[in-house]
Amino acid sequence: MKIDLHIHTSTGSDGVLSLEEVFREAARRKIDFISITDHDAIDHQGQALKVAAAYGIRYITGVELNVTFPHQGKSLSLDFLGYGYDYKNSALKQKLQLIRDHREKRARQIVANLNDEFTREGRPLFNDEDLRKMQAGVDGILSRPHIADYLTKKGIVTNRQEAFDRYLVKCDVPKYPLSLEAASALIKGAGGRLALAHPNDPNGTSLIGLTKNLAEQTEIIKNNMLGLIDGVECWHSRADTPTTSHYIEFCRRYELLKTGGSDCHQKPILMGTVEIPDWVAGQF
């Protein structure tokens, strides 16, 4: 059985493939059980359930939420995955719309900050036409990866990583300040379960921002998250064997859901490449 419970689309957020294209590729790769976990977006979950049924693929509703996590005087950005919620839940839909509205305003402010940098460098400034071109082909909300791709297309940088290193880190604008308590209440209130995403990801939002020590990471989870989360993403495309083993044992000890997925944005297409045991599906 092939399982992938962490996939992004262009329909909802920052993937390359549309929802339909993701399912077509999942079927081609013979993936049996998936979840589309776009950032702050659930409006397409009803469509996902229908398309999954048409392809004969088992499906569970998903979403990825970014949380502001305070710890010992620091404020860390962490991602959490919501699964199995009612996508028609009004409280969840309303809150996610607020977050998405903030994302749109944030993107425009990032572009304004970029123009400040361009002014200092003597470069031509981005205008409304540039914003329209950035948004072209993006079904979801414009985000930093889309802006990075446009910077690359314009020849200002050579790749996405350089865009972040040279511009998008310094030009960033704070995300919507969602607390873990609020995220947990939203997902659980809609009948779902919440899992900490990629806890030891060296390239993403993770507990590495506080410590690289796995035992210290799980101590933070134990002291600050138990009761608010239902699980942890143990398998991930950037999780090494010690990370996966450590988090499986932690979840076993505290009776938490063990989830896994590629975190595929289709750059390249990683869908279905993470080896996840069949029994993971049984937890749902």
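The values are calculated or read from the model by the stated rules, or taken from the named source; none is laboratory data. In this text the structure is predicted, and so the values were computed from the model without any measurement. Glycine gets a Cβ as well: all are built from the backbone with ideal geometry, and neighbour counts include every protein chain shown.
Could you tell me whether ILE229 is β-branched (Val, Ile, Thr), within 25 Å of GLY12 (Cβ to Cβ) and in contact with a strand residue (DSSP E or B) (Cβ under 6 Å, 6 or more places away or on another chain)? Even if it seems obvious, please write down each step before you answer.
Details: β-branched (Val, Ile, Thr): yes; within 25 Å of GLY12 (Cβ to Cβ): yes; in contact with a strand residue (DSSP E or B) (Cβ under 6 Å, 6 or more places away or on another chain): yes.
Yes.
Which ones in the range 35-73 are among the acidic types (Asp, Glu) and either part of a helix (DSSP H, G or I) or touching a strand residue (DSSP E or B) at 6+ places or on another chain (Cβ under 6 Å) (or both)? Matches in the range 35-73: GLU64 only. If you go through the range 1-37 and keep only what is modelled with pLDDT of 95 or more and of a type in the set (Asp, Glu), you end up with ASP4, GLU20, GLU21, GLU25, ASP32.
Which one is nearest to GLU219 (Cα to Cα), of the residues in the range 252-284 that are in contact with a Leu (Cβ under 7 Å, 6 or more places away or on another chain), at pLDDT 95 or above and surrounded by fewer than 21 Cβ atoms within 10 Å (Cβ to Cβ)? Step by step, filter the range 252-284, then rank; the result is TYR254. Could you tell me whether the range 44-58 includes any residue that is within 19 Å of the chain's Cα centre (by Cα), among the aromatic types (Phe, Trp, Tyr), on the phi < 0 side of the Ramachandran plot and surrounded by fewer than 24 Cβ atoms within 10 Å (Cβ to Cβ)? No, that holds for no residue.
Condition first: touching a His at 6+ places or on another chain (Cβ under 7 Å) and not in a strand (DSSP E or B). Can you find one or more residues in the range 250-260 that meet it? No, the range 250-260 contains no residue that is touching a His at 6+ places or on another chain (Cβ under 7 Å) and not in a strand (DSSP E or B).
Looking at the range 106-190, the helices (runs of 4 or more DSSP H) lying wholly inside it that each contain 3 or more residues that are at pLDDT 95 or above sit at 180-189. Scoring ARG132 on the criteria (1) touching a strand residue (DSSP E or B) at 6+ places or on another chain (Cβ under 6 Å); (2) charged (D, E, K, R); (3) free of Cβ contacts under 8 Å to residues at least 12 places away in the same chain leaves a single failure, condition (1). Selection of first residues in the range 50-76 that are over 30 Å from HIS102 (Cα atoms) and of second residues that are in a strand (DSSP E or B) and of a type in the set (Phe, Trp, Tyr), restricted to Cβ pairs under 8 Å at least 6 apart or on distinct chains, gives the following pairs, ordered by first then second residue: ALA52/TYR59; ALA53/TYR59; ILE57/PHE33; ARG58/PHE33.
The selection criterion, being farther than 24 Å from THR9 by Cβ, touching a residue at least 40 places away in the same chain (Cβ under 8 Å) and surrounded by fewer than 20 Cβ atoms within 10 Å (Cβ to Cβ), does not hold for PRO202.
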